[in-house]
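*Asks:* Dropping the structure in here first, questions after.
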Amino acid sequence: MQPSIGAFEAKAQLSRLLRAVEQGEHFTITVRGKPVADLVPHRAASSQGLAAAIEALQAFPRIRGVGDADLAGFIEEGRR
């Protein structure tokens, strides 16, 4: 379980908390004992995952035989 820390204390010790988060620690920030936020390490987007997603979308089968007007009608119908 990740340690919880009050908002006032978190504000006073932000530099120390950020150094700990850089090392992989997680904290839950509370206000009056109620959890309101999690302080966790940043996850960088994987360029490999992004490239795979783009490739998968490009390989997706195209719809044939549907004109622009029909497609616009489908879109409009979906908005209702």
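*Asks:* For Pro41, which of the numbered conditions (1) surrounded by 10 or more Cβ atoms within 10 Å (Cβ to Cβ); (2) assigned to a loop (DSSP other than H, G, I, E, B); (3) more than 17 Å from the chain's Cα centre (by Cα) fails to hold?
*Replies:* Only one criterion is unmet by Pro41, namely (3).
*Asks:* One residue is enough: does region 28-37 have a residue meeting the conditions out of contact with any Leu (no Cβ under 7 Å at 6 or more places or on another chain), part of a helix (DSSP H, G or I), surrounded by 10 or more Cβ atoms within 10 Å (Cβ to Cβ) and free of Cβ contacts under 8 Å to residues at least 40 places away in the same chain?
*Replies:* No: region 28-37 contains no residue that is out of contact with any Leu (no Cβ under 7 Å at 6 or more places or on another chain), part of a helix (DSSP H, G or I), surrounded by 10 or more Cβ atoms within 10 Å (Cβ to Cβ) and free of Cβ contacts under 8 Å to residues at least 40 places away in the same chain.
*Asks:* Across region 1-20, what is the number of residues that are out of contact with any Phe, Trp or Tyr (no Cβ under 9 Å at 6 or more places or on another chain), under 13 Å from Val40 (Cα atoms) and assigned to a strand (DSSP E or B)?
*Replies:* Residues meeting the conditions: 0.
*Asks:* Suppose we filter region 22-74 for residues that are closer than 30 Å to Ser4 by Cα and among the aliphatic types (A, V, I, L, M); how many remain?
*Replies:* Selection size over region 22-74: 8.
*Asks:* Identify all residues within region 64-80 that are outside any helix (DSSP H, G or I) and on the phi < 0 side of the Ramachandran plot; write none if there are none.
*Replies:* Matches in region 64-80: Arg64, Val66, Gly67, Arg79, Arg80.
*Asks:* Without any contact (Cβ under 8 Å) to a residue 40 or more places away in the chain and surrounded by fewer than 10 Cβ atoms within 10 Å (Cβ to Cβ), is that true of Phe60?
*Replies:* So Phe60 passes the test.
Bear in mind these aren't lab numbers, they're just calculated from the coordinates by the rules spelled out. Computed from a predicted structure; not experimentally measured. Cβ sites come from the backbone with ideal geometry, for glycine too, and all protein chains shown count toward neighbours.
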